[in-house]
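Read the structure below first, then the notes.
The values are calculated or read from the model by the stated rules, or taken from the named source; none is laboratory data. Quantities reported herein were computed from a predicted structural model and do not represent experimental measurements. Methodologically, a virtual Cβ is constructed for each residue, glycine included, from the backbone with ideal geometry; neighbour enumeration extends over all protein chains shown.
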Amino acid sequence: MLAVARTPMLLCVLADTGDAILWERMLDALDAVSPLVDDVRVGLAYLDMRGMPGDARRWIARTREVLMPYGVGVRIGAGADKFTAYTAVRVRDGTICAAGGERDFLAPLPIDLLEIEERPRERLRLLGVTTLGALARLPHGAFVRRFGRDAARWHACACGEDRSVFLPRAHAVAIEASTFGEGRVEEEAQLFFALRVVLARVCADLERCGKRAGALELLLELEDGTNRRIEIALASPSAHEKTLGDVVRAKMTGGTFPCAIVGLRLRAVRLEEGGETLPIFAADDVDPRSVAVTLARLEAVTGEPPRRARTHAAHALERRFSYESFSFHPERGRKAAVERPMPAMPETPVPQLRLLAVHEIEVRLRGGAPAFVGDRAVRSYAGPWRIEEAWFADTPIARDEYDVLLDDDTLVRIYRQGRHWYLRGAYD
Amino acid sequence: MALAAALSQPLITSKREAFEALRERLRPTAMPPAAPLLSSAIPGLDRALGGGFPRGTLATLEGAQSSGRWSIAARLLAQATRRSLGAVLDAGDLYPPDLVAAGVALERLLIVSAATPLVVARAADVLLRSRACAVVVLAASPLRAAIWRRLAGLARKSGALLLVIVTQSPPELRAVAGVRVRCERNRGVVCLR
């Protein structure tokens, strides 16, 4: 862990990717630009360029050059600290903020760049503080007393004095095993046997290094000279041979190849510290190994990874949730459960909206309110709820939504957009 | 005496055995095992079912749209995701914010896209065999009697509750359902079995 002095330059690299395995490879490539790379999250890294020959312009060009083969959109900026470098990227790709000029560079920019929560940001806006320059001019002590501990960081960032710690990424340990030139694989059973042998070696190495694999990368060399690369993500990092074997097997089942396989290489990637969480204290707690295998099998069956939902605050129904790949980290889950308790169970059942394929319907009005939906009379209704998005949405929506109880006791969600009415869903 | 007691214990030869032995030693302090019945937290329904939905059963929730079938399913998922995982085979009509309102922990809910009957059957098979989920919910698909029999058998072996939501149970599903609940609009629920 080391703190970054003011004068040396930092490069901020922002990549348009959410693929963790690809990002891992891009980070490996960045080692050619600087030995000190801080991997903040997938798609965001900082490079400490102290002592490297050249200037910021050449470093940026060099970074672009090494990342070009990955075919991912990359934005790069330079600054004396993390916040300045990050802001430089957000302002415009290739922006360089010279050391000493941070305060002037940041002054005209909006405070939104600080990622302040909604309520304090609104309070600052009411006080007329909308730019980083205005925030930097506030008296530090009074501002921190009024807005709490986070305000110290906002103020330091606005003054161009971000003191965030630079955490260099550890040297990546390569754990892989391969078999080449030991015959041809033509049948599924042969392939699984070869995989078992290679996997045993990888797992032994993982155990020796005290690591767990977050994903496996399988490279198959075919007889016709082509290679097939298969990435196997694990829902929960593991070094357990049987679990990994089951996951690989589930991923490979049903796959076909145009010709015989003559070699294979298996590599453990996204390594994490070793140890395995096993359910001791909870009799029916979830076994992460069984979840990992189940997820791989489900992916093999459905052709896409199982998902989990996430909810968001949004106006439109369809923007109030999104899906992401399901991953299971029991240890993180328990921490999260302490910090964020389970949702409370309501006393009465909650009607569940089932989304239907949106289609136009005929609605007759009486006194401006829905009276008939198709040939069904409306017994009662709730609404309208006006949803109007303007400049802030990519595809603005303007519509009035109603919950309508029909005379056959069906409860549906309908909406009017322009002159047309649509059925959005039915409650059950 | 203590030495004799220690020597009388079987030797531990593998990590798995060590883990199991540790688990046995700690069992008294562990959480109590799951109850054989999964409560829907709807007093009238639980009373009619003798305490709740039995685990290890295929249960059907029957009724027309807006009869409250998914409201009951959401409550069972909320109970399941407190200690374990739940799963929903989704045909694209799920609305997660309402699940949260019903108390479901979304981070413990596995959502599997399954549009065709074949995929529904295979995905349910995988989920039940895994023994990872306490409740698996699916909207009824036109499956053969042999497949329903297999899924009911897997539910029994795994101890999971397989909840099938259907307008009206076909005979092949009725034959294997351990619990049948009929939901009627504005009239509540009727337990058929």
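Taking the stretch B:37-47, which residues are surrounded by fewer than 21 Cβ atoms within 10 Å (Cβ to Cβ), more than 10 Å from chain A (Cβ to nearest Cβ) and either among the aliphatic types (A, V, I, L, M) or within 25 Å of residue A:304 (Cα to Cα) (or both)?
Across the stretch B:37-47, the qualifying residue is only B:37.
Name every residue in the stretch B:48-74 that is surrounded by 22 or more Cβ atoms within 10 Å (Cβ to Cβ) and away from chain A (no Cβ under 14 Å), in order of residue number.
B:53, B:58, B:59, B:60
The conditions are (1) closer than 21 Å to residue B:166 by Cα; (2) modelled with pLDDT under 90, and residue B:86 fails exactly one of them. Which is it?
(2)
Can you tell me which condition residue B:85 does not meet? The list is (1) of a type outside the set (Gly, Ala, Ser); (2) buried (at least 24 other Cβ atoms within 10 Å of the Cβ); (3) over 21 Å from residue B:59 (Cα atoms), and all the others hold.
(3)
With (1) free of Cβ contacts under 8 Å to residues at least 40 places away in the same chain; (2) closer than 22 Å to residue A:47 by Cα; (3) of a type in the set (A, V, I, L, M, F, W, C) as the list, and residue A:166 as the residue in question, which single condition is left unmet?
Exception for residue A:166: condition (1).
Quick one: which strands (runs of 3 or more DSSP E) lie wholly within the stretch B:78-193 and hold at least 1 residues that are in contact (Cβ under 8 Å) with a residue 60 or more places away in the chain?
Values: elements: B:85-90, B:109-113, B:133-139, B:161-166, B:179-184, B:188-191.
So the answer is B:133-139, B:161-166, B:179-184, B:188-191.
Say we look at the stretch B:82-100 and pick out the residues that are more than 8 Å from chain A (Cβ to nearest Cβ) and of a type outside the set (A, V, I, L, M); which of these is farthest from residue A:328 (Cα to Cα)?
Per the criteria, the residue is B:90.
Among the numbered criteria (1) modelled with pLDDT under 75; (2) in contact with a Ser or Thr (Cβ under 6 Å, 6 or more places away or on another chain), which one does residue B:9 miss?
(2)
If you check A:295, A:266, which single one turns out to be in contact with a Phe, Trp or Tyr (Cβ under 9 Å, 6 or more places away or on another chain) and at pLDDT 85 or above?
Working: A:266 fails: in contact with a Phe, Trp or Tyr (Cβ under 9 Å, 6 or more places away or on another chain).
Just one listed residue meets the conditions, A:295.
Among all residue pairs at least 6 apart or on different chains, which show Cβ distances below 9 Å where the first residue, located in the stretch A:1-29, is among the basic types (Lys, Arg) and the second is in a helix (DSSP H, G or I) and at pLDDT 85 or above?
A:6/A:102; A:25/A:70
Would you confirm whether or not the stretch B:97-112 contains a residue that is under 21 Å from residue B:58 (Cα atoms), surrounded by fewer than 24 Cβ atoms within 10 Å (Cβ to Cβ) and modelled with pLDDT of 90 or more?
yes
In the stretch A:125-146, how many are touching a helix residue (DSSP H, G or I) at 6+ places or on another chain (Cβ under 6 Å) and not β-branched (Val, Ile, Thr)?
Total meeting the criteria: 5.
Hey, can you tell me all the residues within the stretch A:296-314 that are within 19 Å of residue A:231 (Cβ to Cβ) and more than 8 Å from every other protein chain (Cβ to nearest Cβ)?
A:296, A:299, A:300, A:303, A:305
In the stretch A:66-126, which helices (runs of 4 or more DSSP H) lie fully inside it and hold 1 or more residues that are more than 30 Å from residue A:32 (Cβ to Cβ) and among the basic types (Lys, Arg)? It would help to see each step written out before you state the result.
Numbers: elements: A:82-91, A:102-106, A:118-126.
Per the criteria, A:102-106, A:118-126.
Scanning the stretch A:40-61 for residues that are among the charged types (D, E, K, R) and surrounded by fewer than 18 Cβ atoms within 10 Å (Cβ to Cβ), which turns out farthest from residue A:10 (Cα to Cα)?
Checked the stretch A:40-61; the qualifying residue farthest from residue A:10 (Cα to Cα) is A:41.
Filtering the stretch B:113-124 down to residues that are more than 8 Å from chain A (Cβ to nearest Cβ) and within 25 Å of residue B:156 (Cβ to Cβ), which residue is surrounded by the most Cβ atoms within 10 Å (Cβ to Cβ)? So that I can check it myself, show each step before the final result.
Residues of the stretch B:113-124 that are more than 8 Å from chain A (Cβ to nearest Cβ), as a first pass: B:115-118, B:120-121, B:124.
From the residues that got through so far, the ones that are within 25 Å of residue B:156 (Cβ to Cβ) too are B:117-118, B:120-121, B:124.
Numbers: B:117: 14, B:118: 13, B:120: 24, B:121: 21, B:124: 29.
Top of the filtered list is B:124.
Counting only residues that are modelled with pLDDT of 80 or more and at the interface with chain B (Cβ under 8 Å from one of its Cβ atoms), how many does the stretch A:315-347 have?
6
Could you pull out the residue among A:147, A:166, A:192, A:180 that is of a type in the set (Phe, Trp, Tyr), surrounded by 14 or more Cβ atoms within 10 Å (Cβ to Cβ), more than 30 Å from residue A:129 (Cα to Cα) and out of contact with any Ser or Thr (no Cβ under 7 Å at 6 or more places or on another chain)?
On the way: A:147 fails: more than 30 Å from residue A:129 (Cα to Cα); A:166 fails: more than 30 Å from residue A:129 (Cα to Cα); A:180 fails: surrounded by 14 or more Cβ atoms within 10 Å (Cβ to Cβ).
On inspection, the qualifying residue turns out to be A:192.
Go through A:424, A:416 for me and flag whichever is charged (D, E, K, R) and either surrounded by fewer than 19 Cβ atoms within 10 Å (Cβ to Cβ) or not in a strand (DSSP E or B) (or both).
Numbers: A:424 fails: either surrounded by fewer than 19 Cβ atoms within 10 Å (Cβ to Cβ) or not in a strand (DSSP E or B) (or both).
After ruling out the rest, the residue left standing is A:416.
Does residue A:290 qualify as being modelled with pLDDT under 85, outside any loop (DSSP other than H, G, I, E, B) and within 11 Å of chain B (Cβ to nearest Cβ)?
It is true that residue A:290 is modelled with pLDDT under 85, outside any loop (DSSP other than H, G, I, E, B) and within 11 Å of chain B (Cβ to nearest Cβ).
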